[in-house]
Number of protein chains: 2
Amino acid sequence: MIFKTLNDLVGLALQKDRRKLVVAVAQDEEVLLAVKAASEAGLVAPILVGDQLGITAAAAKSGLDISRLEIISIPDPWQACKYAVRRVAEKKADILMKGLVSTGLFLKAILDKENGLMNEGLLSHVAFFESPYYHKILCVTDAAMNISPDIQEKTGIINNAVKVYHRLGIALPKVGILAAVETVNPKMEATVHASMLVAMQKRKQIEGCVIDGPLALDNAISMEAAHHKGIVSDVAGDADILLVPDLNAGNILYKALIFLGGSVTAAMVVGAGVPVVLTSRADSDKSKFLSIALAAATE
Amino acid sequence: MIFKTLNDLVGLALQKDRRKLVVAVAQDEEVLLAVKAASEAGLVAPILVGDQLGITAAAAKSGLDISRLEIISIPDPWQACKYAVRRVAEKKADILMKGLVSTGLFLKAILDKENGLMNEGLLSHVAFFESPYYHKILCVTDAAMNISPDIQEKTGIINNAVKVYHRLGIALPKVGILAAVETVNPKMEATVHASMLVAMQKRKQIEGCVIDGPLALDNAISMEAAHHKGIVSDVAGDADILLVPDLNAGNILYKALIFLGGSVTAAMVVGAGVPVVLTSRADSDKSKFLSIALAAATE
């Protein structure tokens, strides 16, 4: 698949059956705007779970007509989250989306041992960027969920992102393991993790991708910078996925690409069996719409 | 001072007496090109220390006329570094620059307890960025020297950067302490450090600047993003200096701004009493030239 712009996600999603997207605690004007736009574009069929009066009022603020959308009235936020999760667990919905509820409570419903969605693995965040300075879509992971992942968790984070690429039709994505340097330094854990992840891919402990690291960011995305350092690698200069050392580095990179790099983003949380859309108020309308498209294209 | 473009550094440097810049192990074509350009622009008076034959040969490769530059022939790299450092220690030069020698050996001469340049404090890296997406120059520190600074070292890193701003005529730079989130989380050391640094500034343990944190990158540089989070602060949306949590985050931000953000940079190492210019092969010619201008403007 050619994956040069995030709009390609819309086309991909439209090739599939329309996915059912269930919104937990849907009484949020901005979320309703994004969901309605995605519905009108034919990407998803929304199910709005939450306080019916609140939902109607939120829609009215923007003059949104939601009369044709399914609404399940459950005023209590925790019960609404539980219901939305159950609907997904029972395969009666395909995508889960957070509304006007704290991330903590929303995730609690997903992570619940008895009634949640996690069988194995871990939740991680994948953010896709369309940058004016890169020749293809770049995926940064994990910029939002895991604070300081150990090697086991990093393996899970890579597997989660690679699965998304496979769903997008890209069989062997190139994974760059980021660090501050491109050499191994026992005092820098990210470089040690990188060596281990490369070995694990060689020994087929991680499959479905090509991995190289440690790489400084410039080596991972600029062929010229890689040449300067004498790095010969299938990944250097052409990475699809960037695994960041930790949440600090990931979040700062994510924000830099958007606020100091002119990038557009689409993001979701993966690892729960179905895509989970968690937009924040600071996201642009376009980014919220594209995040729903990403979820629909990869479910 | 208005500090909107890095070219302002050239004007500032030209207002001062021409500074003597001593290059350790100068037989490097790219370093000679940058030094010669800075010399011709009237920014510095270079002193080239190294293997005279090598220096002449490196200059000849680019057809550079260095006949009017002072050359001190010391073929041994370690002796050349020691000589260059001594020249600075004896106030017979104002700026130190690394040539064709490993960073390790070069720093060893600076850090040497008997004959080096360090009295107190620590060496740290300051990188100034001119970004098409920000309304003023942004300084990122420390993206190159300290791997995982503790609170004491972070204080030193801030003091080093603040001193540079004072030299540039900016009396009270705004320092944003970056983390992945804008709230304090005891599991995230960067947010704990941020609270401490804010308190230290309030109690005048750190002076000459305004500090706020923890701030996610978007809160620090976008007023709109700060508003979304309800952050009221003298720094949010208008930071001059960004203190990064550690080297991983700093280096990734540094590289993102250049390679995925269209920024131009000027950088140097501070804390040694005089500015230290350490360009790398991957730096653009413009960035090397501006780094010398930065050193000359702030010495």
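Tabulated data for the structure shown
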{"quantity": "Residues satisfying the stated conditions in segment B:144-155, i.e. touching a helix residue (DSSP H, G or I) at 6+ places or on another chain (Cβ under 9 Å) and assigned to a helix (DSSP H, G or I)", "calculated": "B:Ile151, B:Lys154, B:Thr155"}
{"quantity": "Scope segment A:259-299; condition over 20 Å from A:Ile110 (Cβ atoms), open to solvent by 10 Å² or more (accessible area, probe 1.4 Å) and more than 14 Å from every other protein chain (Cβ to nearest Cβ); matching residues", "calculated": "A:Lys286, A:Phe289"}
{"quantity": "Selection from segment A:30-45 of residues that are among the charged types (D, E, K, R) and open to solvent by less than 40 Å² (accessible area, probe 1.4 Å)", "calculated": "A:Lys36"}
{"quantity": "Single residue of B:Asn160, B:Asn115 found to be of a type outside the set (A, V, I, L, M) and in contact (Cβ under 8 Å) with a residue 60 or more places away in the chain", "calculated": "B:Asn160"}
{"quantity": "Any chance B:Ile110 is of a type in the set (Val, Ile, Thr), open to solvent by less than 40 Å² (accessible area, probe 1.4 Å), without any contact (Cβ under 8 Å) to a residue 40 or more places away in the chain and out of contact with any Lys or Arg (no Cβ under 6 Å at 6 or more places or on another chain)", "calculated": "no"}
{"quantity": "So B:Lys82, is it more than 21 Å from the chain's Cα centre (by Cα), of a type in the set (Lys, Arg) and open to solvent by 20 Å² or more (accessible area, probe 1.4 Å)", "calculated": "yes"}
{"quantity": "Qualifying residue in segment B:204-212 (condition: touching a His at 6+ places or on another chain (Cβ under 7 Å), away from chain A (no Cβ under 11 Å), over 14 Å from B:Pro245 (Cα atoms) and of a type outside the set (Lys, Arg))", "calculated": "yes"}
{"quantity": "Total residues in segment A:87-107, condition assigned to a helix (DSSP H, G or I), open to solvent by less than 20 Å² (accessible area, probe 1.4 Å) and either polar (S, T, N, Q) or under 28 Å from B:Lys229 (Cβ atoms) (or both)", "calculated": "1"}
{"quantity": "Residues of segment B:203-225 satisfying the condition of being farther than 22 Å from B:Glu130 by Cβ and of a type in the set (Gly, Ala, Ser)", "calculated": "B:Gly208, B:Gly213, B:Ala216"}
{"quantity": "In segment A:233-253, the residues that are more than 7 Å from every other protein chain (Cβ to nearest Cβ) and out of contact with any helix residue (DSSP H, G or I) (no Cβ under 8 Å at 6 or more places or on another chain)", "calculated": "A:Asp234, A:Gly250"}
{"quantity": "Filtered residue count, segment A:156-181, keeping only those that are within 14 Å of chain B (Cβ to nearest Cβ) and crowded, with 23+ Cβ neighbours inside 10 Å", "calculated": "5"}
{"quantity": "First in segment B:140-152 and polar (S, T, N, Q), second anywhere and open to solvent by 60 Å² or more (accessible area, probe 1.4 Å), Cβ under 7 Å, 6 or more apart", "calculated": "B:Asn146/B:Glu153"}
{"quantity": "Some residue of segment A:187-202 being of a type outside the set (A, V, I, L, M, F, W, C), farther than 25 Å from B:Ser131 by Cβ and at the interface with chain B (Cβ under 8 Å from one of its Cβ atoms)", "calculated": "yes"}
{"quantity": "Index of the failed condition, B:Val140 passing every other in (1) within 13 Å of chain A (Cβ to nearest Cβ); (2) at pLDDT 95 or above; (3) open to solvent by 10 Å² or more (accessible area, probe 1.4 Å)", "calculated": "(3)"}
{"quantity": "Count of segment A:1-11 residues which are open to solvent by 30 Å² or more (accessible area, probe 1.4 Å) and under 13 Å from A:Leu290 (Cα atoms)", "calculated": "4"}
{"quantity": "Criterion: touching a Lys or Arg at 6+ places or on another chain (Cβ under 8 Å), more than 14 Å from every other protein chain (Cβ to nearest Cβ), in contact (Cβ under 8 Å) with a residue 24 or more places away in the chain and farther than 21 Å from B:Lys255 by Cβ - qualifying residue of B:Leu69, B:Leu122, B:Leu105", "calculated": "B:Leu69"}
{"quantity": "Sole residue being touching a His at 6+ places or on another chain (Cβ under 9 Å), open to solvent by less than 20 Å² (accessible area, probe 1.4 Å) and acidic (Asp, Glu), chosen from B:Asp218, B:Asp238", "calculated": "B:Asp218"}
{"quantity": "Breaking point among (1) buried (at least 21 other Cβ atoms within 10 Å of the Cβ); (2) of a type in the set (Gly, Ala, Ser); (3) at pLDDT below 95, for B:Ala127", "calculated": "(3)"}
{"quantity": "A:Asn146 vs. criteria among the polar types (S, T, N, Q), open to solvent by less than 50 Å² (accessible area, probe 1.4 Å) and within 23 Å of A:Glu189 (Cβ to Cβ)", "calculated": "yes"}
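Here is a yes/no grid of residues against (1) without any contact (Cβ under 8 Å) to a residue 60 or more places away in the chain; (2) in contact with a strand residue (DSSP E or B) (Cβ under 6 Å, 6 or more places away or on another chain); (3) open to solvent by 20 Å² or more (accessible area, probe 1.4 Å):
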site	(1), (2), (3)
A:Val22	no, yes, no
A:Asp28	no, no, no
A:Ile47	yes, yes, no
A:Ser73	yes, no, yes
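The values are calculated or read from the model by the stated rules, or taken from the named source; none is laboratory data. Just so we're clear, the structure is a prediction, and the values are computed from it rather than from any experiment. Note: ideal-geometry Cβ built from the backbone for every residue, glycine included; neighbour counts use all protein chains shown. Heavy atoms of the whole protein, side chains included, go into the accessibility calculation; ligands, DNA and RNA do not. Shrake-Rupley method; radii C 1.70, N 1.55, O 1.52, S 1.80 Å.
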